[in-house]
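The values are calculated or read from the model by the stated rules, or taken from the named source; none is laboratory data. Predicted, not measured: the structure shown is a model, and the values here were computed from it. Every residue, glycine among them, receives a Cβ derived from its backbone with ideal geometry; neighbour counts consider all protein chains shown.
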Amino acid sequence: MSKRLTVLVVLSLVIVLAGGAIFLRGRLPVAEDIGEVPQETEELQKVTATVETDLYAAARDQMVERGIIAYGIVSPEVIAVMRRVPRHQFVPDEYLHLAYENNPLPIGYGQTISQPYIVALMTQELDVEAGDKVLEIGTGSGYQAAVLAELDIEVFTIEIVEPLALEAEQRLEELAYESIHVRNADGYFGWPEEAPFDAIIVTAAPDNIPQPLLQQLKIGGVLVIPVGPIGGVQELWRVTRLSLDEFQSTSLGGVRFVPFTRTLD
Ligand code: SAH
């Protein structure tokens, strides 16, 4: 008797569930009812790219207003260039969402892309004009070099970490920065074959100014360089070459840069 009852209960349950499923099947959309998921077309890619470009441009404008103009950068050329250069193309993918924060970001090998305000400040202090020839020591991501190139400067940039030099060279080529020349070497010695330079910018901190860099400046040329102890606060200097053997230095305040390293050989 109870066995029969159990069978009956199980049977009615099956019938109710099956009925429910059939009922719902008619109402709920199931995968095959939706049809094919749209493939990513060229059109869709274009729309996505435009939306992204606009979002980044808005973020970049905000960075310039709050992190550059509000901090006292006044050069109209530098401000215009900071609004143009796509910093998000120079940061690793995992930091894309932070590309337009006013902070340095890791780029691998213990190195960083500099804070946008510092890039703007150093560029302003170099006091360059279109057609000038500038040497940069510390290519890193290539961002600072791109900022200079957009001012119609011919840029010679040296990076000591080989993979970073190669990555930056490839990135700058893809972004069509044809006036930037990247070299993998110890920047202590400068780039004698291309000297003298209208300006030299050093984006890693040595504890003393490398003499070869001073010698590769044109008379009237400017060197902008952080100098100070590793891991501590360094002082940013603007050094102007007044004559063959006279230099004038002005402090631009405290900064924090990665160390200027040397090759062992
Ligand atoms: N200008 C860079 C910031 C890079 S951080 C940017 O815009 O992204 C400083 C870089 O200087 C690091 O990549 C580091 O490897 C490099 N560097 C340190 N000592 C160097 C040296 N002696 N010669 C050349 N590059 C050096």
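Scan the stretch 142-154 for residues that are in contact with an Asp or Glu (Cβ under 8 Å, 6 or more places away or on another chain) and either within 6 Å of the ligand (Cβ to nearest atom) or part of a strand (DSSP E or B) (or both) and jot them down. Residues satisfying the conditions are GLN144, GLU154. Scanning the stretch 102-141 for residues that are more than 9 Å from the ligand (Cβ to nearest atom) and assigned to a loop (DSSP other than H, G, I, E, B) returns ASN102, ASN103, GLN115, ASP127, VAL128, GLU129, ALA130, GLY131, ASP132. For the stretch 85-99, the condition of being of a type in the set (Lys, Arg), within 14 Å of the ligand (Cβ to nearest atom) and either in contact with a Gly (Cβ under 9 Å, 6 or more places away or on another chain) or assigned by TED's automatic domain parsing to the domain that holds ASP61 (or both) holds for none of the residues.
Only one entry in GLY67, GLY131, GLY142 is under 27 Å from GLY221 (Cβ atoms) and in contact with a Phe, Trp or Tyr (Cβ under 9 Å, 6 or more places away or on another chain), namely GLY142. Scan the stretch 48-101 for residues that are within 16 Å of the chain's Cα centre (by Cα) and outside any helix (DSSP H, G or I) and the total you get is 8.
Okay, residues lined up against (1) over 26 Å from TYR109 (Cα atoms); (2) among the acidic types (Asp, Glu):
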position	(1), (2)
ALA165	no, no
ALA185	no, no
PHE189	no, no
GLU193	yes, yes
ARG241	yes, no
ASP245	yes, yes
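Of the residues that make up the stretch 172-190, is at least one of a type in the set (S, T, N, Q) and either closer than 20 Å to MET82 by Cα or more than 20 Å from the chain's Cα centre (by Cα) (or both)? Yes; the residues of the stretch 172-190 include at least one that is of a type in the set (S, T, N, Q) and either closer than 20 Å to MET82 by Cα or more than 20 Å from the chain's Cα centre (by Cα) (or both).
Please work out if GLU235 is more than 10 Å from the ligand (Cβ to nearest atom), more than 18 Å from THR123 (Cβ to Cβ), not hydroxyl-bearing (Ser, Thr, Tyr) and not in a strand (DSSP E or B). No; evaluated as a whole, the condition is false for this residue.
One line per residue, one yes/no per condition, for (1) β-branched (Val, Ile, Thr); (2) surrounded by 14 or more Cβ atoms within 10 Å (Cβ to Cβ); (3) touching a helix residue (DSSP H, G or I) at 6+ places or on another chain (Cβ under 9 Å):
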| residue | (1), (2), (3) |
| --- | --- |
| VAL64 | yes, yes, yes |
| GLU94 | no, no, no |
| GLU101 | no, yes, yes |
| PRO104 | no, yes, yes |
| ILE107 | yes, yes, yes |
| THR112 | yes, yes, no |
| ALA145 | no, yes, yes |
